[in-house]
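Undergrad: This is the structure, below, for whatever I ask next.
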Amino acid sequence: MKSEIVKNFDFSKFRELRSRLEGMADKEVVVGVTRASAGRDQTGEINNAELLAVHEFGTKDGRIPERAPIRSSMAKHQDKYVTTHAENLRKVVRGDMPFDKSLDLLGLRAAADVQQNIRDGDFVPLAQSTIDRKGSSKPLIDSGGMRQAITHEVRDA
C-alpha cells in the first residue's frame, strides 16, 4: 500500500512554534518584593524585601515566628496556577498569546493572592508586646507598605 501526502506541511508554522517553545526555557516569573518595590531606602531602615524575608522564615532566635505569607499562598493556590498556566500555554502554542504575557498573567494573579493572604491569612498571633506597640493584633500589617510592595516580574531565567 502506498501512502500519499494529502496536504503540504507548512514548515514556517513549525519554525514559529519551535521558536515559541524554545523561548519558554529562557523565562521565569517571580513573585514577592522586587528591587523596584523594596522601598524604605533610608540608611539603617529595613526594606520591604528584608521585612518579608523575616516574616516568611522567622528569626533564628524565635522572637518573630515563621508566618510564610508567600509559601502558604503558593501552596493554597497551586492547583489554580497549574490550571491557568496550562490554559495559557495552549494559547501560546496556538500563537494566540506571547509566552511573556502568559507569565505576566500568572504573576499578576499570584501577587494578588499573596497580598490577599497577608490581609486575610491565618497566621501565628502577635505577641502582646507587639500588639501594644502597634495598636493592632493583625499579623504582617502595620503600615501596609510590605503588602503593597508584593509584585511580580517576568525575568530571563
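The values are calculated or read from the model by the stated rules, or taken from the named source; none is laboratory data. Because the structure is a prediction, the values reported are computed rather than measured. Here the Cβ positions follow ideal geometry from the backbone for every residue, glycine too, while neighbour counts run over all protein chains shown. SASA here: full protein model, heavy atoms, side chains in, ligands and nucleic acids out. Shrake-Rupley method; radii C 1.70, N 1.55, O 1.52, S 1.80 Å.
Undergrad: At 1.4 Å probe size, with the rest of the protein present, what percent of the exposed accessible area of region 46-150 is carbon and sulfur atoms?
TA: Roughly 52 percent, rounded to a whole number.
Undergrad: Let me ask something else. Determine, from the Cβ-Cβ distance of Ile46 and Glu87 and an R0 of 30 Å, the FRET efficiency 1/(1 + (r/R0)^6), rounded to the nearest 0.05.
TA: Taking R0 as 30 Å, the efficiency between Ile46 and Glu87 is 0.15.
Undergrad: Using Cα pairs under 8 angstrom and six or more residues apart, how large is the relative contact order of region 33-112, in percent? Display every interim value, and only then the final one.
TA: Details: 54 pairs, mean separation 12.1, N = 80.
Relative contact order for region 33-112 comes out at 15 percent.
Undergrad: A follow-up question, please. GluC sites (Glu not before Pro), restricted to region 9-105: which are DSSP loop and have at most 12 other Cβ atoms within 10 Å?
TA: Glu45
Undergrad: A further question follows. State in Å² the accessible area per residue of the chain; use a 1.4 Å probe, count heavy atoms of protein chains only, and round to the nearest integer.
TA: 68 Å²
Undergrad: If you don't mind, there's one more thing I want to ask. Select from Met97, Met146, Met74 the residue whose mean-square fluctuation is largest in a Gaussian network model of the chain (Cα-Cα springs shorter than 10 Å).
TA: Result for the chain, Cα springs under 10 Å: Met97 fluctuates most.
Undergrad: Now a separate question. Where nothing but the Cβ of Lys and Arg (+1) and of Asp and Glu (-1) is charged, how large is the charge dipole of region 1-121 around its Cα centre, in debye to the nearest 20? Each step should come with its number before you reach the end.
TA: Values: 21 positive and 19 negative charges, 95 e Å.
Charge dipole, region 1-121, about its Cα centre: 460 debye, nearest 20.
Undergrad: Among the lysines, which fall within straight-line cross-link reach of Lys134, defined as a Cα-Cα distance under 25 Å, with same-chain neighbours fewer than 8 residues apart omitted?
TA: Lys60
Undergrad: Then there is this: Please give every one of the lysines within straight-line cross-link reach of Lys91, meaning a C-alpha to C-alpha distance under 28 Å, and leave out same-chain neighbours fewer than 8 residues apart.
TA: Lys91 reaches Lys7, Lys13, Lys27, Lys76, Lys80, Lys101.
Undergrad: Which cross-chain or sequence-distant (5 or more) residues have an amide H under 5 Å from the amide H of Lys27, H modelled 1.01 Å from N in plane?
TA: When sequence neighbours closer than 5 places are left aside, the close amide H contacts are Ala157.
Undergrad: Can you tell me the dipole magnitude for region 46-94 around its Cα centre, using point charges on the Cβ only (Lys, Arg +1; Asp, Glu -1), in Debye to the nearest 20?
TA: Its charge dipole is roughly 300 debye.
Undergrad: May I ask which residue of Pro98, Gly121, Leu108 lies farthest towards the positive end of the charge dipole of region 67-157, with charges of +1 (Lys, Arg) and -1 (Asp, Glu) on Cβ and the Cα centre as origin?
TA: Sorting the options by dipole projection puts first Gly121.
Undergrad: If you take the square roots of the eigenvalues of the alpha-carbon gyration tensor of region 21-92 and sort them as a ≥ b ≥ c, do you get rounded (a/c under 1.5), prolate (a/b over b/c) or oblate?
TA: Because a/c hits 1.5 or more and a/b fails to exceed b/c, region 21-92 counts as oblate.
Undergrad: Could I ask something else about it? Averaging sequence separations of C-alpha pairs under 8 Å and six or more residues apart, then dividing by the length of the chain, give the relative contact order as a whole percent.
TA: That works out to 35 percent.
Undergrad: Here are several values of P(r) over Cα pairs in 10 Å bins from 0, in percent: (1) 10, 30, 26, 16, 9, 5, 3, 1, 0; (2) 10, 34, 30, 14, 9, 3, 0; (3) 10, 40, 38, 11, 0. Which one was derived from the coordinates shown?
TA: It is the value labelled (1).
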